[in-house]
Each structure stands twice: as structure tokens, then as C-alpha cells.
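A.B. asks: Sharing a structure with you now.
What follows is calculated from the coordinates using simple rules that are stated; it is not laboratory data. Please read these numbers as outputs of a predicted model, since none were measured by experiment. We place every Cβ from the backbone using ideal geometry, glycine too, and count neighbours over all the protein chains shown.
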Amino acid sequence: MNIPFSLILLSLFLMIYYTPVNNVGEQKIAYSDYIRGRPLSAQLWYPTEDSNVKDTERPFVLPPTAKNAEFIQNKHPLIVLSHGTGGNRFSLSWLAIELAKNGYFVVAPDHWGNTLDNKIPENFVRYWDRPLDIHFLISSLLDDTRFNSYIDSSRIAGIGFSLGGYTTLALAGVKLDCDTLKKNASLAENRKQFVVPELGDLQELMQKISCEQVPLNLRDSRVKASVALSPALGLGLPKVKQTNTSPVLIIGAVDDSIAPLKTNAIRYHEVIENSKYSVLQGKVGHYIFLNEGKLKLINEEPVYYRDHNAMDRKSIHQKLVTEILAFLSEHLKYK
């Protein structure tokens, strides 16, 4: 059987493209959305041949990266990460580095007013600002001559945790109903879901939301696939099937008390027709998706970084990487 030469070339290119790299470059970038009055700090992780890697000075257990390293002259699929409530752009560094090792160009923004070092209470409930941040960030990167030659704009995906999980689902085309969300947030049985360790009780702020300012559609057609890790705000979903979305993978944690499965991950899966669903079993809570903390951080912030004795965060992360890479490979492949 004669194989066309064009197919041989394509196969060789894909082999090169998907060959994992040992080193990951990392750098900080910043944009300003002047129309919305929101500065946007972001972190990049990307494949590099630069061997000048150094351990991170951050309080997490992470592989070393090469700061401000040179780029590999290829176009890479783009992954946009969205942190959870009160987190920051480093919250999913473990995942960003693993994705970069596997050939992805990864960017994670700080969502203004909803980060660890910049807490504006009203911004903790302005959930629609986050997808708009991602719209702006993607456009900024694709317009930025420093980076756009390394990004394959036809293969973009979003991954988010908690409120960031909602964010990436909104990019996929999932729509919340603001009035439904406010109504459910006011109910006593749901109060716990609106009391967050990062800021406290958000119920009063939820009731102050002006639903008229929420955009009807937050979908970004450039985002071809979305992964939601313990997504929040499932109480805002209307009880109708949502069929016109890009592919979605939802991963929950069985022992999640912050975004309980029944009213969040499972509800999203039941409503989103084009979705896959899996759940982490065992004594696995909401914050298992965050970085693995060093001992000092575990002692200082046990809510976020101390797991049940039967759980090993590192091994769980390894399983998550395998599942996420398989999903991305399926939906970001060449057409």
C-alpha cells in the first residue's frame, strides 16, 4: 500500500508536535481592559528548550521552570486557566506546568477584585466579569506580536476551578439565570454554598446583583473545549437542557462541601447535553484541585492544603492530568 507523501509529512509533524518536553518556560504579562476599567495580570507557561530552570520561590511543591525563557518555534494550542474565588493566577500552577510539558501554551489571569491579594467584596459575586476577562485575554494574546506566532488560534480551550469552573462553562455557552441564582442563594438550605473561607457570607451581596447588567450570552466561539473542576454556581442553572455548547468535561470531588456535587457538578452535567462527567472518589474535598503545598503552607493554610490522611494530592493530580490531556487531545486535534 502506497501512503501519500503528504500524510507522511503530517504524521511526522504530529509526532514532533506532541513530543513532551522536559522544560517549561514561565513569565508574567499584563494587559489593561480600559473599556471595563480592569487591569489584567497573567502568567504564561510554555514549552521551551531553555535548560536554565530554577525551583519556584512560591510555597508550593512544583517542578522548576525557566523564567522568561525562549519559545519553541511552533504553534501550540492555547489553554486559558481560571482560578477559584479568592485564588490567583498561580492556583493551578501544577496543571499549567504539566500542560506546557505536553505542548500547550498556557495562560492564567488574576480576576480583578477576586484574588488573594486584591479582595473587593462586590467582585466576589460579579460572576459575569470572569468570562469577559477571558474574552479580553484571548483577544489580547492573539493581537500581541510577542506571542501570537506561537499560538494556534484554531485550538483554544478553557480550564477552571470552582468559580473558575463556572467561568469556563460560560465560555462553552452554558447560561445561568440570574434571578434563579438569587432566589436559590436566599434559601436557608443553600446558605453554606455562599459562605466562602476566602471572604465569608456572600448572601447579602448576591441579593444586590442587578440582573439587568448580566450579559445574555458569554460564550466565546474561539474556545473549542472546556474543563470544569468542581464548578460552582450550579444553583443558577435553569431546569432546561442546554444543547448549543462546545464539548465540556466536568470533574467533581465526592466529599466537596464548598460546591456539593448534587447542586453543582452533577447539575451541570444533567443540564449540559454535550458534557462528560467524572468524580474523584474517597475523602477528597473541594481544594484537592489546588497546588500541593509545602509543609509551612500546609500548617498555615490547612483548609486549602491539608488533605485527609488517606489521600495523596500528588497522585490525584497525576490522574487528573491523564484525564484532562485525553479530553483535550480529542477535542483540539487537527481537523
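A.B. asks: Which order, highest average first, do 248-258, 312-322 follow once you tally other Cβ atoms within 10 Å for each residue and take the mean per peptide?
C.D. replies: On the way: 248-258: 21.5, 312-322: 14.3.
Put in order of decreasing packing, that is 248-258, 312-322.
A.B. asks: Report P(r) for region 94-239: all Cα-Cα distances, bin width 10 Å, range 0 to the bin holding the largest distance, values in whole percent.
C.D. replies: With 10 Å bins starting at 0, P(r) equals 10, 39, 33, 14, 3, 0.
A.B. asks: Run the helix sum for the chain: -39,500 (n - 2.57) per DSSP H stretch of 4+ residues, divided by residue count, reported at 222 nm to the nearest 500 deg cm²/dmol.
C.D. replies: Result for the chain: -8500 deg cm²/dmol, rounded to the nearest 500.
A.B. asks: Next up: Rank-order 228-240, 80-92, 131-143 by packing density, defined as the average count of other C-beta atoms within 10 Å over each peptide's residues, highest first.
C.D. replies: 80-92, 228-240, 131-143
A.B. asks: Could you work out how far helix 313-331 tilts from the main Cα principal axis of the chain, as a 0 to 90 degree angle to the nearest 10?
C.D. replies: In the chain, helix 313-331 runs at an angle near 70 degrees to the longest axis.
A.B. asks: Using 7 Å Cα-to-Cβ label points, what is the ASP177/HIS308 separation (nm, one decimal)?
C.D. replies: Modelled inter-label distance: 3.5 nm.
A.B. asks: Taking amide H atoms as placed 1.01 Å from N in the peptide plane, list the residues 5 or more away in sequence, or in a different chain, whose amide H sits under 5 Å from that of TYR277.
C.D. replies: ILE250
A.B. asks: Return the inverse of the average 1/r over all pairs of distinct C-alpha atoms in the chain, which is the Kirkwood hydrodynamic radius, in Å to one decimal.
C.D. replies: Details: mean 1/r = 0.0492 Å⁻¹.
The Cα-based Kirkwood calculation yields 20.3 Å.
A.B. asks: So, R0 is 22 Å and r is the distance between the beta-carbons of LYS239 and ILE35; what FRET efficiency does that work out to, to 0.05?
C.D. replies: Values: r = 35 Å, r/R0 = 1.58.
Computed FRET efficiency for LYS239 and ILE35 comes out at 0.05.
A.B. asks: Hey, if you drop one equal point scatterer on each alpha-carbon of region 143-183 and run the Debye formula without solvent, what base-10 log of I(q)/I(0) do you get at q = 0.32 Å⁻¹?
C.D. replies: At q = 0.32 Å⁻¹ the computed log10 ratios are -1.01.
A.B. asks: Karplus couplings for region 260-277 from phi (6.51 cos²θ - 1.76 cosθ + 1.60, θ = phi - 60°), rounded to Hz, Gly and Pro as x?
C.D. replies: Taking θ as phi minus 60°, the curve returns x, 3, 4, 9, 10, 4, 5, 5, 4, 4, 5, 8, 8, 5, 8, 9, 10, 9 Hz for region 260-277.
A.B. asks: Could you give the radius of gyration (one decimal) and Dmax (whole number) of the Cα atoms in region 173-256, in Å?
C.D. replies: 14.2, 39
A.B. asks: Taking the Cα centre as origin and putting +1 on Lys and Arg beta-carbons and -1 on Asp and Glu beta-carbons, what dipole magnitude results for the chain, to the nearest 20 debye? The partial results should precede the final answer.
C.D. replies: Numbers: 37 positive and 35 negative charges, 104 e Å.
For this selection, approximately 500 debye.
A.B. asks: Follow-up. Counting every Cα pair in region 118-194, what percent are over 22 Å apart?
C.D. replies: 38 percent
A.B. asks: Now a separate question. How much length, in nm to one decimal, is gained on full extension between GLN281 and LYS67, taken as 0.36 nm per residue of separation minus their Cα-Cα distance?
C.D. replies: 73.4 nm
A.B. asks: Tell me the volume per residue, in Å³, of the convex hull enclosing the alpha carbons of region 288-335.
C.D. replies: With only Cα atoms used, region 288-335 gives 79 Å³ per residue.
A.B. asks: So what J values fall out for region 215-220 if you push phi through Karplus, 6.51 cos²θ - 1.76 cosθ + 1.60 with θ = phi - 60°, rounded to Hz, Gly and Pro as x?
C.D. replies: x, 5, 9, 10, 5, 10
A.B. asks: Evaluate Rg over Rh across region 221-299, taking Cα atoms for both radii and Kirkwood's formula for Rh.
C.D. replies: Working: Rg = 14.2 Å, Rh = 13.5 Å.
Expressed as Rg/Rh, it is 1.05.
A.B. asks: Please report Rg over Rh for region 85-134, where both radii come from the alpha carbon positions and Rh follows the Kirkwood definition.
C.D. replies: So for region 85-134, dividing Rg by the Kirkwood Rh gives 1.06.
A.B. asks: Taking a virtual spin label 7 Å from the Cα of GLU300 along the C-beta vector, which residues in region 177-205 bring their backbone nitrogen under 19 Å of it?
C.D. replies: 197-199
A.B. asks: Between LEU216 and ASP201, what length in nm is gained on full extension when 0.36 nm per residue of separation is reduced by their alpha carbon distance?
C.D. replies: Numbers: separation 15, 0.36 × 15 = 5.40 nm, distance 2.67 nm.
So the extension gain works out to 2.7 nm.
A.B. asks: Right, here's the next one. What is the calculated FRET efficiency for ARG58 to ALA188, with r their C-beta to C-beta distance and R₀ = 35 Å, to the nearest 0.05? Could you put the intermediate results ahead of the total?
C.D. replies: Details: r = 39 Å, r/R0 = 1.12.
Efficiency, from the Cβ-Cβ distance: 0.35.
A.B. asks: Considering amide H positions built from the backbone, and no H for Pro or chain starts, which residues 5 or more places from VAL227, or on another chain, come under 5 Å of its amide H?
C.D. replies: GLY158, ILE159, GLY160, LEU249
A.B. asks: Separation between the ILE266 and LYS319 pseudo-spin-labels, each 7 Å from Cα along Cα→Cβ, expressed in nm?
C.D. replies: 1.9 nm
A.B. asks: Related question: Return one quarter of the surface area of the convex hull spanned by the alpha-carbon atoms of region 72-111, equal to its mean projected area, in nm².
C.D. replies: 2.8 nm²
A.B. asks: By how many nm would the segment from GLU273 to ASP144 grow when fully extended, if each residue of separation counts as 0.36 nm and the alpha-carbon distance is taken off?
C.D. replies: My answer for the length gained is 42.9 nm.
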